[in-house]
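*Asks:* Got a structure here, written out as structure tokens. Questions coming.
The values are calculated or read from the model by the stated rules, or taken from the named source; none is laboratory data. Since the model is a prediction, treat every value here as computed from it, not as a measurement. No Cβ is skipped: glycine too gets one built from the backbone with ideal geometry, and neighbour counts run over all protein chains shown. With ligands, DNA and RNA removed, areas are computed over all heavy atoms of the protein, side chains included. Shrake-Rupley method; radii C 1.70, N 1.55, O 1.52, S 1.80 Å.
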Amino acid sequence: MEDIGSPFPKNRKAESWWLRVARKRFPVLRWAPSYDRESALADLIAGVTLGLTLVPQSIAYAALANLPVQYGLYSAFVGTMLYVLLGTVKEVSIGPTSLMALMTLQTCHGLPIDFVVLLTFLSGCVVLAMGLLKLGFLVDLISPTVTSGFTSATVVIIVASQIKGLLGISFVAENVFDNLRHVYENLHETQLGDCMLGAVCCTILLLLRKLKDVPVNPKRASLKKTLWLISISRNAMVVTAASVLAFCTFDPVTNTHPWFKLSGRVEPGLPSVAAPPFSVASENGTVSFVEMAGRLGFGVLMTPIIMVLANIAIAKAFSVNRVDATQEMVTLGLCNMAGSLFRAMPTCGAFTRSAVSHSSGVRTPLAGLYSGLIALLALAFMTKYFYFIPRACLSSVLICAVIFMFDAAIVSRLWRGARGELAVLALTFAVGVALSVELALLAGALAGLARLLRRLMRPRMHLYAHKSAVGEVARVVPTLALVYMNAEHAAARLAAAAARVRPRPVLLDCSRLSLIDDAAVLVLQRSIKKFKEADQHLILYNASSEVVRRLEGIPDVDKTALRASTISDALACVMPATASTAVFDTAPLLP
């Protein structure tokens, strides 16, 4: 009889493999089976709390990007909902951020809104490709120093751009210096109502921010929770209060507000679902996809990199396990591609919202569903009231949200211990403030890499003199690596040491070498040959097992000395007569 039982183990094996892949790429399958009522209640509370933060922030970030208010909310629900299925870190909230708003403003300055939507789609495609190709390591090329300088420059740019909102002045500016110049030139047009409202809103926002830190008797837990809820809902409360004030004092006869500049008419209802615009009509004809991408320029590449940088940094900050960078990039790419169908601006995770989720006791990414629903409800039923949001209030929300991102403490820390990195930070910050954040990130990354290359090209090589039975010998200690770009420099230092102690030996201490390439091996081979011709020993010793494997292939090298850990042992391997001789340090031979 035919054996029909044998295929079943294979089917079960195949099923388990597919299940593992599904759980890896759809993390919802990992936590959904054990989801319970307690987690559902915690996520509901966290999601509603997050929604109260997300809605006013989205409105403010749309204003920062110079887009109509509703585009912030168009960007606030797709990512949060899609992340429920694909996201790996429960605290991450995909939506509009100050970084993405600023990138959108600088990339699409003076261009129609269709270009913003296309930027969202193309950014998503690039991030998705980075995830599929496992290019997350590219983010590691950007050091924390560069990130700090870039973020601080972003804070200065945003604050400078929002001063006009606080003062009730209207103008168009392209950079920080333009903003400051226009503020100075138009200072006489300052509107007292906007100025007072902006000052009051900033004061209240900053006071409410500290409310959660007020010391409370541990026995009064309900009071502590109330203060915390008021503190994290401060944006929604201030925007609502300012809008009510504007609504109550609005003059329907003149259809203008006597005291404040308002956000203006907002397109009501939900966005229509449509493919991203791959061409747009203009006065001179149709602008093709290639021409649109050309006008977006370098932002098509830099916006995705900043997205990934921000998202992975947030994920690492809140995740207790190792972050799956590939899954995060794939998710972020799909969120932006899907968002472009709803005319969203570029989105990524926001640290402030992630902190709100964390402090709200979020259990799973399902909290994003509730915050997304709140954004949809705001679009469906509240857009007619967004008209009355004062611009000074939005400027206050933006300024109070970003000023704490400015990292001043790093300057004193780097000044004390790493002034080279401080120069990289200063360059990044200066380029960001003077030119653009895209160029700042690029300049900082290149400066950081150049600094590392310089250290590799001219690493420190310490030269010491030691007394032994054969007289004074030289010890050369290279650091970091011996590679093609510094091997000749190392050979020159060995020759200089040899000239000082000839005909006595020179020892190359390999204990601090972490990398050696083939070019360096060839240079060492040539140096050993020259030493031998001069009737002098070049002894390589104290090498790690990985470096030993590279050095053992050099002709005439003493293989036993390579593993010696002391000068005495190394000399004894090559010159047995020195075996019982103690060796001690003297002053450095050369600087």
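*Asks:* Just give me the residues in the stretch 44-58 being surrounded by 17 or more Cβ atoms within 10 Å (Cβ to Cβ) and either among the hydroxyl-bearing types (S, T, Y) or touching a Phe, Trp or Tyr at 6+ places or on another chain (Cβ under 7 Å) (or both), in sequence order.
*Replies:* G47, T49, G51, T53, S58
*Asks:* Among the residues of the stretch 231-246, are any among the small types (G, A, S), over 16 Å from V69 (Cβ atoms) and open to solvent by less than 50 Å² (accessible area, probe 1.4 Å)?
*Replies:* Scanning the stretch 231-246, I find at least one residue that is among the small types (G, A, S), over 16 Å from V69 (Cβ atoms) and open to solvent by less than 50 Å² (accessible area, probe 1.4 Å), so the answer is yes.
*Asks:* Here's a check for you: in the stretch 209-230, which residue that is open to solvent by 50 Å² or more (accessible area, probe 1.4 Å) and hydrophobic (A, V, I, L, M, F, W, C) is farthest from Y387 (Cα to Cα)?
*Replies:* Out of the qualifying residues, it is A221.
*Asks:* Please go through the stretch 378-392 and pick out each residue that is among the aromatic types (F, W, Y) and surrounded by 14 or more Cβ atoms within 10 Å (Cβ to Cβ).
*Replies:* The answer is Y385, F386, Y387, F388.
*Asks:* Can you find even one residue in the stretch 510-519 that is over 20 Å from R458 (Cβ atoms), assigned to a helix (DSSP H, G or I), of a type outside the set (D, E, K, R) and in contact (Cβ under 8 Å) with a residue 12 or more places away in the chain?
*Replies:* no
*Asks:* Kindly provide the set of residues from the stretch 144-155 that are more than 15 Å from L439 (Cα to Cα) and in contact with a Leu (Cβ under 9 Å, 6 or more places away or on another chain), ordered by number.
*Replies:* T145
*Asks:* On the basis of being part of a loop (DSSP other than H, G, I, E, B), touching a Lys or Arg at 6+ places or on another chain (Cβ under 7 Å) and not polar (S, T, N, Q), does V216 make the cut?
*Replies:* Yes, satisfied.
*Asks:* Another one. Considering each residue of the stretch 248-271, count those that are under 18 Å from C195 (Cα atoms) and under 40 Å from the mean Cα position of the chain (by Cα), and give that number.
*Replies:* Number satisfying all stated conditions: 4.
*Asks:* Something else about it: Basic (K, R), modelled with pLDDT of 85 or more and part of a helix (DSSP H, G or I): is that true of R451 in this structure?
*Replies:* yes
*Asks:* What tally of residues in the stretch 231-264 results from selecting those that are at positive phi and touching a Cys at 6+ places or on another chain (Cβ under 7 Å)?
*Replies:* Looking only at that region, the number is 0.
*Asks:* From the list V477, V521, V470, which one is of a type in the set (V, I, T) and open to solvent by 20 Å² or more (accessible area, probe 1.4 Å)?
*Replies:* V470
*Asks:* Let me ask something additional. Any idea how many residues of the stretch 432-456 are touching a strand residue (DSSP E or B) at 6+ places or on another chain (Cβ under 9 Å) and touching a residue at least 60 places away in the same chain (Cβ under 8 Å)?
*Replies:* 0
*Asks:* Those residues that are in a helix (DSSP H, G or I) and farther than 19 Å from V397 by Cα, I need them from the stretch 75-103; list them, please.
*Replies:* Answer for the stretch 75-103, where residues must be in a helix (DSSP H, G or I) and farther than 19 Å from V397 by Cα: V78, G79, T80, M81, L82, Y83, V84, L85, L86.
*Asks:* Something else about it: Tally the residues that are modelled with pLDDT under 90 and not aromatic (F, W, Y), restricting the search to the stretch 155-175.
*Replies:* Within the stretch 155-175, residues that are modelled with pLDDT under 90 and not aromatic (F, W, Y) number 5.
*Asks:* If you don't mind, there's one more thing I want to ask. Are there any pairs with C-beta distances below 8 angstrom linking a residue in the stretch 488-499 that is free of Cβ contacts under 8 Å to residues at least 60 places away in the same chain to a residue that is part of a helix (DSSP H, G or I) and open to solvent by 20 Å² or more (accessible area, probe 1.4 Å), with the two at least 6 apart or on different chains, and if so which?
*Replies:* Listed by first residue and then by second, the contacts come to H489/M457; A491/R526; A495/K530.
*Asks:* Quick one: count up the residues across the stretch 128-154 that are at pLDDT below 90, assigned to a loop (DSSP other than H, G, I, E, B) and either open to solvent by 60 Å² or more (accessible area, probe 1.4 Å) or touching a strand residue (DSSP E or B) at 6+ places or on another chain (Cβ under 6 Å) (or both).
*Replies:* 1
*Asks:* Here's something else I'd like to know. Look at A492 and say whether it is more than 30 Å from G297 (Cα to Cα), open to solvent by less than 10 Å² (accessible area, probe 1.4 Å) and among the aliphatic types (A, V, I, L, M).
*Replies:* So A492 fails the test.
*Asks:* Just to verify a result, which residue in the stretch 411-440, among those that are more than 23 Å from L453 (Cβ to Cβ) and of a type in the set (A, V, I, L, M), is surrounded by the fewest Cβ atoms within 10 Å (Cβ to Cβ)?
*Replies:* Per the criteria, the residue is A434.
*Asks:* Does H462 satisfy the criteria of being over 20 Å from V548 (Cα atoms) and either open to solvent by 70 Å² or more (accessible area, probe 1.4 Å) or in contact with a helix residue (DSSP H, G or I) (Cβ under 8 Å, 6 or more places away or on another chain) (or both)?
*Replies:* Against the criterion (over 20 Å from V548 (Cα atoms) and either open to solvent by 70 Å² or more (accessible area, probe 1.4 Å) or in contact with a helix residue (DSSP H, G or I) (Cβ under 8 Å, 6 or more places away or on another chain) (or both)), H462 does not qualify.
*Asks:* Is it the case that some residue within the stretch 362-377 is without any contact (Cβ under 8 Å) to a residue 60 or more places away in the chain, open to solvent by 10 Å² or more (accessible area, probe 1.4 Å) and not in a helix (DSSP H, G or I)?
*Replies:* no
*Asks:* Return yes when L166 is part of a helix (DSSP H, G or I) and either without any contact (Cβ under 8 Å) to a residue 40 or more places away in the chain or open to solvent by less than 20 Å² (accessible area, probe 1.4 Å) (or both) and no when it is not.
*Replies:* No.
Condition check ((1) closer than 28 Å to L366 by Cβ; (2) part of a loop (DSSP other than H, G, I, E, B); (3) aliphatic (A, V, I, L, M); (4) open to solvent by 10 Å² or more (accessible area, probe 1.4 Å)) across all residues:
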residue: N66; (1), (2), (3), (4): no, yes, no, yes
residue: Y71; (1), (2), (3), (4): yes, no, no, yes
residue: H109; (1), (2), (3), (4): no, yes, no, yes
residue: V126; (1), (2), (3), (4): no, no, yes, yes
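*Asks:* Find the helices (runs of 4 or more DSSP H) located wholly in the stretch 259-345 whose residues include 1 or more that are basic (K, R) and open to solvent by 60 Å² or more (accessible area, probe 1.4 Å), and list them.
*Replies:* 289-296, 299-318
*Asks:* Here is a further query. Just one of F298, F250, F260 is touching a residue at least 60 places away in the same chain (Cβ under 8 Å) and touching a strand residue (DSSP E or B) at 6+ places or on another chain (Cβ under 6 Å); which is it?
*Replies:* F260
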